[in-house]
Amino acid sequence: MSPYMRFALIVVAVAAIASTPLVWLVNGPDAGQLTGAAIQSATGVGALVWALQRAGTSAAGPVDTAVETGRAEATGGGTARTGVRRARRTGAGAATAKRTGEATASGEGSTAVSGVDYG
């Protein structure tokens, strides 16, 4: 979720949380209205916290997984990778590699990576 959408969600949620209880409290509430205002405020705050937590985890970025990859071998200056290759600054998503194969590189400028490469 973009920062602007998150800010808009917070503003709308705070307005919704405060609107009805504020109207009830301004007009001299009785015990039932006071209880209702407290319950509505607590429910609104809980919903806001839940929505922000869900927004932070579900839209974090790409999720890449590599499982049981094969052997990668490079000679004479090449690059060998087995697993996940991801460019830098691609978000906060998860990248996992499980049971990756061997990566072997030999020669000038060679690189060998087995797992996740944030090259």
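The values are calculated or read from the model by the stated rules, or taken from the named source; none is laboratory data. This one's a predicted model, so the numbers in the text were calculated from it and none came from an experiment. We place every Cβ from the backbone using ideal geometry, glycine too, and count neighbours over all the protein chains shown. Accessible surface is based on the protein model in full, side chains and every heavy atom, while ligands, DNA and RNA are left aside. Shrake-Rupley method; radii C 1.70, N 1.55, O 1.52, S 1.80 Å.
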Could you grab me the full set of residues in the stretch 1-42 that are closer than 29 Å to Gln53 by Cα and either among the charged types (D, E, K, R) or in contact with a Cys (Cβ under 7 Å, 6 or more places away or on another chain) (or both)?
-> Arg6
Within the stretch 8-47, count every residue that is open to solvent by 70 Å² or more (accessible area, probe 1.4 Å) and in contact (Cβ under 8 Å) with a residue 24 or more places away in the chain.
-> 2
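Checking the structure you have, find out if any residue of the stretch 78-88 is under 23 Å from Ala13 (Cα atoms), in a loop (DSSP other than H, G, I, E, B), at pLDDT below 80 and among the aliphatic types (A, V, I, L, M). Give the derivation first.
Going through the stretch 78-88, the residues under 23 Å from Ala13 (Cα atoms) turn out to be none.
Among the residues of the stretch 78-88, not one is under 23 Å from Ala13 (Cα atoms), in a loop (DSSP other than H, G, I, E, B), at pLDDT below 80 and among the aliphatic types (A, V, I, L, M), which makes the answer no.
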If Ala105 satisfies every condition in (1) modelled with pLDDT of 75 or more; (2) within 30 Å of Pro3 (Cα to Cα) but one, which is the exception?
-> (2)
Considering residues of the stretch 27-75 that are more than 33 Å from the chain's Cα centre (by Cα) and among the acidic types (Asp, Glu) only, the residue modelled with the highest pLDDT = Asp30
